[in-house]
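Below is one structure, written out as structure tokens; the observations come after it.
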Amino acid sequence: MVDDATRRRVLDLLAALRERPTEFPAAELLDLADEAVAVHLDRSGAEPVVFVSPRPDPRFESLTEREHEVATLVAAGFSNRQIAEALFISVGTVKDHVHAILAKTGCESRSQVAAAWYGPR
């Protein structure tokens, strides 16, 4: 659970990005590094989007960027089909990523991925 102060800081960051879309407010992002959240900025669409999630267990640090995206959705309870649709990849590719995530993290199931992702550090 993200506290109100962190939530406000993230909303302020998103507002700053909307006002100055060509600038990257790195100071604000770096300031969030001490919080128990992971922040990802996506500028691929018409408007910048900030994704905030609980900072995962350190064993997730070895994942590729795509595996990290898949792990986020696995931890949120998405099915392989839902993940495929959200990320515009095939269900087979999702399965490959899930197997890699399990192998790299030492988790034995999707439930363990979620528990490790959201569990206490």
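Values quoted throughout were computed directly from the atomic coordinates according to the rules given, and no laboratory measurement underlies them. Here the structure is a predicted model, which is why all the values come from computation and not from measurement. Cβ: placed from backbone, ideal geometry, glycine included. Neighbour counts: every protein chain shown.
In sequence order, region 67-73 has phi-based couplings of 4, 4, 4, 5, 4, 4, 6 Hz under the Karplus curve 6.51 cos²θ - 1.76 cosθ + 1.60, θ = phi - 60°, and Gly or Pro positions carry x. Extending 7 Å from Cα along the Cβ direction at residue 59 and again at residue 89 yields two label points whose distance is 2.0 nm. What the Cβ-Cβ distance of residue 109 and residue 7 gives, at R0 = 22 Å and to the nearest 0.05, is a FRET efficiency of 0.10. Here the extension length gained between residue 82 and residue 99 equals 4.5 nm, from 0.36 nm per residue of separation less the Cα-Cα distance. Taking other Cβ atoms within 10 Å as a rough exposure proxy, 72, 93 sort from fewest to most as 93, 72.
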